[in-house]
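What follows is a short report on a single structure.
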Amino acid sequence: MQADLLRELLSEVRAGTRTVDSAVDRLRDLPFEDLGYARLDHHRALRKGFPEVVFCEGKRIEHVVEIMQRLEQKHSRVLATRASRETYERGRGADSRRQNTSKMRVVIQLGVNGTAPVVDRCLIVCAGTADVPVAEEAAVTDECVGQRR
């Protein structure tokens, strides 16, 4: 959950446009949400500036899809790495906010809370052509968390 969302929520309570009980319901999963098979850290965005990244390898597709859906409800961008084409297709549905590059196996999903800040530049170097997909994944990841190349 991002600081902007918390400020907005508190402002709504102060202005009387949201009840305290409604705010408590919204904050119920702060900082963690237990899905049984995964425990999502919604507070990480406040601590680190970016929410958890979903590492898809080894996870069931339906679990990845639910994790992405839960994270996107509270964060501006959700990133999933090492995602198969099937994971992307099953999770996408009619949601055009989800982007995928099959070569890099990265899924970026735009959530509800604005955009990520842009920070200093980052250099990505690889040793050879076999490393290019990993370097491209790193570049997309850096861009998603606000780095400029």
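Quick notes
- Restricting attention to the range 6-15 and to residues that are of a type outside the set (D, E, K, R) and more than 12 Å from residue 74 (Cβ to Cβ), the residue that is surrounded by the most Cβ atoms within 10 Å (Cβ to Cβ) turns out to be 13.
- Scanning the range 37-46 turns up at least one residue that is surrounded by fewer than 16 Cβ atoms within 10 Å (Cβ to Cβ) and in contact with a His (Cβ under 6 Å, 6 or more places away or on another chain).
- Restricting 23, 83, 45 to residues that are at pLDDT 80 or above and either under 30 Å from residue 135 (Cβ atoms) or within 15 Å of the chain's Cα centre (by Cα) (or both) narrows the list to 83.
- Residues that are among the acidic types (Asp, Glu) and farther than 24 Å from residue 26 by Cβ, drawn from the range 45-89: 57, 62, 86, 89
- None of 26, 18 is touching a residue at least 12 places away in the same chain (Cβ under 8 Å), surrounded by 15 or more Cβ atoms within 10 Å (Cβ to Cβ) and either in contact with a helix residue (DSSP H, G or I) (Cβ under 8 Å, 6 or more places away or on another chain) or on the phi > 0 side of the Ramachandran plot (or both) except 26.
- Residue 79 vs. criteria touching a residue at least 60 places away in the same chain (Cβ under 8 Å) and buried (at least 20 other Cβ atoms within 10 Å of the Cβ): yes
- Selected residue [free of Cβ contacts under 8 Å to residues at least 24 places away in the same chain and touching a helix residue (DSSP H, G or I) at 6+ places or on another chain (Cβ under 9 Å)] from 74, 59: 59
- Members of the range 1-15 found to be free of Cβ contacts under 8 Å to residues at least 60 places away in the same chain, touching a helix residue (DSSP H, G or I) at 6+ places or on another chain (Cβ under 8 Å) and not hydrophobic (A, V, I, L, M, F, W, C), listed by number: 12
- Condition met for residue 8 (farther than 19 Å from residue 143 by Cβ, at pLDDT below 90, out of contact with any Leu (no Cβ under 9 Å at 6 or more places or on another chain) and charged (D, E, K, R)): yes
The values are calculated or read from the model by the stated rules, or taken from the named source; none is laboratory data. In this text, all values refer to a predicted model and were calculated from it rather than measured experimentally. Every residue, glycine as well, gets a Cβ built from its backbone with ideal geometry; the counts of neighbours run over all protein chains shown.
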